[in-house]
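Reviewing the structure listed below.
The values are calculated or read from the model by the stated rules, or taken from the named source; none is laboratory data. In this text, all values refer to a predicted model and were calculated from it rather than measured experimentally. Cβ placement follows ideal geometry from the backbone for every residue including glycine, while neighbour counts extend to all protein chains displayed. To get the accessible areas, we keep the full protein, side chains included, count just its heavy atoms, and leave off ligands, DNA and RNA. Shrake-Rupley method; radii C 1.70, N 1.55, O 1.52, S 1.80 Å.
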Amino acid sequence: MKKKYLAVLMGIMVTSTAVPATTFAEDVSTTTEADTAQEQKVTNEAPDGQAPEKPEGEAPDGQAPEKPEGEAPNGKAPEKPEGEAPDGQGGPDGGQSEGVDSYTAVNEYTEDTSIENTTLESTGTDENAALISSGANVTFDNVTISRESQESTGGNDASFYGVGAAVLATDGTAYVKGGSITTNANGGAGLFAYGNGTIYAADTDIKTEQGTSGGVHTAGGGTLYGWDLNVETNGESSAAIRSDRGGGTMVLDGGSYTSNGIGSPAIYSTADIAVNNATLTANGSEAVCIEGLNSIHLYDCDLTGNMSDQDQNDNTWTVILYQSMSGDAEVGNSTFQMDGGSLTSQNGGVFYTTNTESTITLNDVDINYNDDNEFFLQCTGNTNQRGWGQAGANGADCTFTAISQDMQGDVIWDSISDLDFYITDSSNLTGAILDDETYAGDGGSGYCNVTVSKDSTWTVTGDSTVTSLSNEGTIVDDQGKAVTIQGTDGTVYVEGDSQYTITTDSYSDSADQSGATALQSWSGYQTEKPSTLS
């Protein structure tokens, strides 16, 4: 992490105050907690399916968290209830969570067994239809699982620990083959892997109706693998592919994942998530949200987002990489990689990163833009009403690599951010690169370094400002005219006949691409389907 950003994050130690506010994540509560960049692991486990007792710290190893103690980048506790939808829309009010003492389940499995061609039903408040614990291996073959409750609360116990999920694995392995899972209850996730729980699922229909009800969900270090799942969510704060505090691992191959609720992206990542050859659609939210030290890798997927404009946000986006300092995600590099497939932006800009270090890599993605197309990439600070860091000191550090990629729209940066933008392998950018200090406060020593490979093109659509420009490719305007490149000191490096000028602190006619990001292949994530699911 860059020293500049680290200094912002590791500033003044604080304690929390109880004030209502909103922020990203996926449930709403009524009090705040101090956020932390240095989260502790707890030692209590729940091998018998009981939820851990109220623990002492965060739980990246699968244990339950409590209110973390730590530091906010602006020297005060951020105004953060435990969870708000990624585009600022609230989910159901579930209250603050410090861990749960036990789970209530209609069916608890503590020994190896197989359930076939039957129906499991749950109608109780905040209960599970099926709970797998004590290291059991349980197969659900063509089972219809339903969960309906008007009294369930959802909230953080649902988001962090799986309370109220239809199928919850806390310590053991669930194999779900075919069948269907439907829920109509707050906090009614479809499949939830927590802690030492692992879920393998194939050819299953999953549909959730209420808030805080992800389709497939991990938290506390759980693991979930899926093949050809058909997932639909309809409530607020209910991502089709969802993770929460403590993260985990999700690998999904094939299938369809659709979210319809406000503040419900197709993927909400506080985990490591890889998806191959799937259709991912968010009809009421941004397509993807990644917070903190977590990642999403997409391979030949069709991804669509449709986020609404909100007054509390500085802009509107399709993919966001950020850090709320809520404690739900460890501070660190947010990674988004997309290899092939398509990305459709139905409103706002395409990529937005703020208050975090991030890496974005695109390879030959077919991008479909809306008519407004506010920006292609915005890498800046923010004045978001939820308080993502200290305004004027909450920039982004981003490495963006385009590989065989066509791009349209402006790239926006500011002086409290660091942006390394690589245009490589026959890529094309059509747009201006703009230094916009709107969210930079008194400014800083940030930069925007642009590298254009010899077989790539930057088609300039307006006067542009960068810190350094390394160019072996083609830089012209939309009329094909050469663009003037001049130094901030007045030195003319390239004399063009275009109406546009690129101003830069330094210029080189060689392009060092050693800092560009290489693709990670799907083979590194691909998992063999268990014979139980064949």
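Numerical summary
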{"read-out": "Dmax and Rg, reported as Rg then Dmax, of the range 429-511 (C-alpha, Å)", "value": "12.6, 38"}
{"read-out": "Total charge dipole magnitude, the range 320-443, about the Cα centre, Cβ charges on Lys, Arg, Asp, Glu only, Debye to nearest 20", "value": "260 debye"}
{"read-out": "Cα-projected label distance for SER114 with ASP366, points at 7 Å along beta-carbon direction, nm", "value": "4.2 nm"}
{"read-out": "Stokes-Einstein D for the range 369-409, Kirkwood Rh over Cα pairs, 37 °C, 0.692 mPa s (µm²/s)", "value": "261 µm²/s"}
{"read-out": "Cβ charges +1 (Lys, Arg) and -1 (Asp, Glu), total dipole of the range 389-436, debye", "value": "60 debye"}
{"read-out": "Computed over the range 224-383, the ratio Rg/Rh where both radii use C-alpha atoms and Rh is Kirkwood", "value": "0.93"}
{"read-out": "Test item: Cα-centred dipole of the range 106-234, Lys/Arg +1 and Asp/Glu -1 on Cβ, debye", "value": "240 debye"}
{"read-out": "Label-point gap, in nm, between ALA518 and VAL494 - each point 7 angstrom along Cα→Cβ", "value": "2.9 nm"}
{"read-out": "Cα pair distances of the range 382-534 binned at 5 Å [whole percent]", "value": "2, 9, 16, 19, 17, 12, 9, 6, 4, 3, 2, 1, 1, 0"}
{"read-out": "Mean projected area in nm² (Cα convex hull; one quarter of hull surface) for the range 294-347", "value": "4.5 nm²"}
{"read-out": "Under Karplus coefficients 6.51, -1.76 and 1.60, residue-wise ³J(HN,Hα) of the range 205-214 in Hz, glycine/proline x", "value": "8, 10, 9, 10, 10, 9, x, 6, 10, x"}
{"read-out": "Potential extension, ASN107-THR123 segment - 0.36 nm per residue separation minus Cα distance", "value": "4.5 nm"}
{"read-out": "Residues with amide H under 5 Å from that of THR430, placed H, sequence gap 5 or more", "value": "MET407, GLN408, GLY409, THR459"}
{"read-out": "Square roots of 5 times each gyration tensor eigenvalue, C-alpha, the range 191-270, largest first, Å", "value": "18, 15, 9"}
{"read-out": "Zero-based 10 Å bins, Cα pair distances in the range 387-427, whole percents", "value": "25, 43, 24, 9"}
{"read-out": "Equivalent ellipsoid semi-axes, the range 264-309, via Cα gyration tensor eigenvalues times 5, rooted, Å", "value": "17, 15, 6"}
{"read-out": "Charge dipole (the range 463-531, unit charges on Cβ, about Cα centre) - positive-most of VAL466, TYR507, SER521", "value": "SER521"}
{"read-out": "Global form of the range 148-305, assessed from the alpha-carbon gyration tensor, a/c cut-off 1.5", "value": "rounded"}
{"read-out": "For GLY226, residues with placed amide H under 5 Å, excluding near neighbours", "value": "ALA201, VAL251, LEU252, ASP253"}
{"read-out": "Distance histogram in 5 Å bins (all Cα pairs of the range 315-440, percent per bin)", "value": "2, 11, 21, 26, 20, 12, 6, 1, 0"}
{"read-out": "Accessible solvent surface per residue of the range 354-434, calculated while the other protein chains remain in place, 1.4 angstrom probe, Å²", "value": "26 Å²"}
{"read-out": "Largest-first principal axis extents, alpha carbons of the range 170-230, Å", "value": "27, 24, 13"}
